[in-house]
1. Kindly provide the helix-only [θ] at 222 nm of the chain, computed as the sum of -39,500 (n - 2.57) over DSSP H runs of four or more divided by all residues, to the nearest 500 deg cm²/dmol?
2. Express in nm, to one decimal, how much length is gained between LYS247 and SER80 on full extension, taking 0.36 nm for each residue of separation and deducting their alpha carbon distance.
3. May I ask you to list the residues of region 87-121 whose amide nitrogen lies under 16 Å from a point 7 Å from Cα along the Cα→beta-carbon direction of ARG58?
4. Just going by the charge dipole of region 159-249, with Lys and Arg at +1 and Asp and Glu at -1 on Cβ, which of VAL181, PHE167, GLN193 is farthest out on the positive end?
5. As an exercise, use a Förster radius of 30 Å and the Cβ-Cβ distance of SER184 and TYR4 to find the FRET efficiency, rounded to the nearest 0.05.
6. Calculate the length of the line joining the C-alpha centroid of region 195-216 to that of region 176-193, in whole Å.
7. Distance from the Cα centre of region 47-93 to that of region 1-34, in angstrom?
8. Express in nm, to one decimal, how much length is gained between SER201 and SER73 on full extension, taking 0.36 nm for each residue of separation and deducting their alpha carbon distance.
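Values quoted throughout were computed directly from the atomic coordinates according to the rules given, and no laboratory measurement underlies them. As the structure is a prediction and not an experimental result, all values here were calculated from the model. Cβ atoms come from the backbone with ideal geometry, glycine included; neighbour counts cover every protein chain shown.
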Amino acid sequence: MKPYVTLEILEKVGYIEFFNHPHNALTPSLLNDLTSLINSAAVDNKIHIIVLKSGGDRAFCAGASFNHMVEISDEAEGKSFFMGFANVINALRKCPKIIIGSIQGKAVGGGVGLASAVDICFATEFADIKLSELSVGIGPFVIEPAIKRKIGVSAMSQLALKAQTFFSAKWAMDKGLYANVFESNKELIREVQSLASELSSYNIDSLAAFKRIQWEGTDDWDKLLESRAQLSGKMSLSPKAKSYLKKFI
């Protein structure tokens, strides 16, 4: 199947789904489409609640596409590439509607950033997480504010520094990333749909006010994440990063 980002509206719930075979790595095009659909859903009166999910099984998101990252030739291109993640995170943050994350499988790098930037997140027991950036020669700079806000400084440091280790879905739940972990994707879908349906009947203005309160103290993220994207772009040009990416490709 070709890569896609779609928005489906069912009974006041907007389901945003992205897909890129085989592990849902995010390309600049997919990141731009994600940002666009999140912003569209934010102002669509037919949508009261948003669900963010990915297609396929056992892999929620592998983070940045290495195929595209290896092509970065200067700092401007690097910053532009990582601004894709910054824009998605800021779109999730600024959207006035509650966003539920549905994490059916492993999340790596930017995938952990997406899971951290939604308002509440559910997962299966297969949804282990890893931040591999430092081992690649770059760093989880753009996604760090969202992850640290969700799980705290200590857990963020563990994830980032043990860069070749997958942490279990239960560990992620214990740290506050996941609200609950289920044995199967069927159970996950049922819980997400149930909560989305319940919330869609609530006062949408009250939900928006609650979300604004929850995200207090992040008004500087537009500039912050832009500076982090610039740093990531610079690190992606390092000999270590280029060597690793060429071997991987």
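1. Numbers: 12 runs with 125 residues, N = 249.
My calculation for the chain gives -15000 deg cm²/dmol from helical runs alone.
2. 57.8 nm
3. From region 87-121, the list is 104-108.
4. Checking the options against the dipole of region 159-249, the answer is PHE167.
5. Working: r = 24 Å, r/R0 = 0.82.
According to the calculation, E is roughly 0.75.
6. 20
7. Cα centroid to Cα centroid, the span is 11 Å.
8. Details: separation 128, 0.36 × 128 = 46.08 nm, distance 4.93 nm.
The span from SER201 to SER73 would gain 41.2 nm if fully extended.
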